[in-house]
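In what follows, a structure is listed as structure tokens, so that the remarks can point back to it.
The values are calculated or read from the model by the stated rules, or taken from the named source; none is laboratory data. Quick caveat: nothing in here was measured; it's all calculated off a predicted structure. FYI the Cβ positions are ideal-geometry reconstructions off the backbone, even for glycines, and counts take in every protein chain you see. Side chains are part of the model used for accessible areas, which takes the heavy atoms of the whole protein and leaves out ligands, DNA and RNA. Shrake-Rupley method; radii C 1.70, N 1.55, O 1.52, S 1.80 Å.
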Amino acid sequence: MWAHFGMTANPFGVARSTVSVIVSQICKALTFYVGPKYISLPKTEEEMRELVVKIESRHGFPQAFVCVDGTHIPIQQSLGNPQDSYLYKMKYTLNMPGICDFEGEFIDADRRWPGSVHAYGAKVFSNSRINFMFRDGILPLLHRLLLPGVDKVPVLLLGDSA
């Protein structure tokens, strides 16, 4: 990452530390001011229904409203507890689980996890905002009868076996 700051700093004649501060400020601004406007989970039953319908019409999977997965972002070794960010692939990473809509656009992301934690495993999901929203009844739930004589199915998240 530090080398990338140098590639940005040199053409503008500023120090890498200045670029680091600016990148940090931009990330904070995006997180707190711009992000919630464009990156947000459904707040109403209508928004939830729209996501469910679009995933089913585009991908043929009923009752799903989002897809979940994660990625590892390479970072430099941290000074405090570097083993936390050490990935089994022999590099240091920040683990970023994300939730995408039917078009693959992020509607939620989490940047708290070190690379040693599985991308969207049970630990990450159990501590995720979307799980708390499900548990606390904040996320609108829609149930749908898919087969006669069987219980209605709640909305669900599509993900891999982890």
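Ligands, DNA and RNA left out, the accessible area of the chain computed with a 1.4 Å probe is 60% carbon and sulfur. Available extension along the chain between S126 and C100 is 7.6 nm, counting 0.36 nm per residue and deducting the alpha carbon span.
Distance between the C-alpha centers of the range 95-142 and the range 13-81? Whole Å please. The distance from the Cα centre of the range 95-142 to that of the range 13-81 comes to 10 Å.
Database remark: amide H of L87 closer than 5 angstrom to the amide H of Y92, T93 (H placed geometrically; neighbours at sequence offset of 5 or more, or on other chains; Pro and chain starts carry no H). In the chain, the longest principal axis of the Cα atoms and the axis of helix 16-29 are about 20 degrees apart. Available extension along the chain between H59 and S17 is 10.6 nm, counting 0.36 nm per residue and deducting the alpha carbon span.
Per residue, the solvent-accessible area of the chain (1.4 Å probe, heavy atoms of protein chains only, all protein chains present) comes to 66 Å². Given that just one value was derived from the coordinates, which of (i) 74, 43, 30; (ii) 43, 36, 30; (iii) 67, 33, 29 is Cα extents along the principal axes in Å? Working out Cα extents along the principal axes in Å from the coordinates points to (iii). So if we plug the beta-carbon distance of F32 and R144 into 1/(1 + (r/R0)^6) with R0 = 45 Å, what FRET efficiency do we get, rounded to 0.05? Efficiency, from the Cβ-Cβ distance: 0.80.
Counting only alpha carbon atoms, the long axis of helix 2-12 and the longest principal axis of the chain meet at about 70°.
Find which of N95, V21, A64 sits farthest along the positive direction of the dipole of the chain, computed with +1 on the beta-carbon of Lys and Arg, -1 on that of Asp and Glu, about the Cα centre. Of N95, V21, A64, it is V21.
In a DSSP loop and with at most 10 other Cβ atoms within 10 Å, the trypsin sites (Lys or Arg not before Pro) in the range 26-135 are K89.
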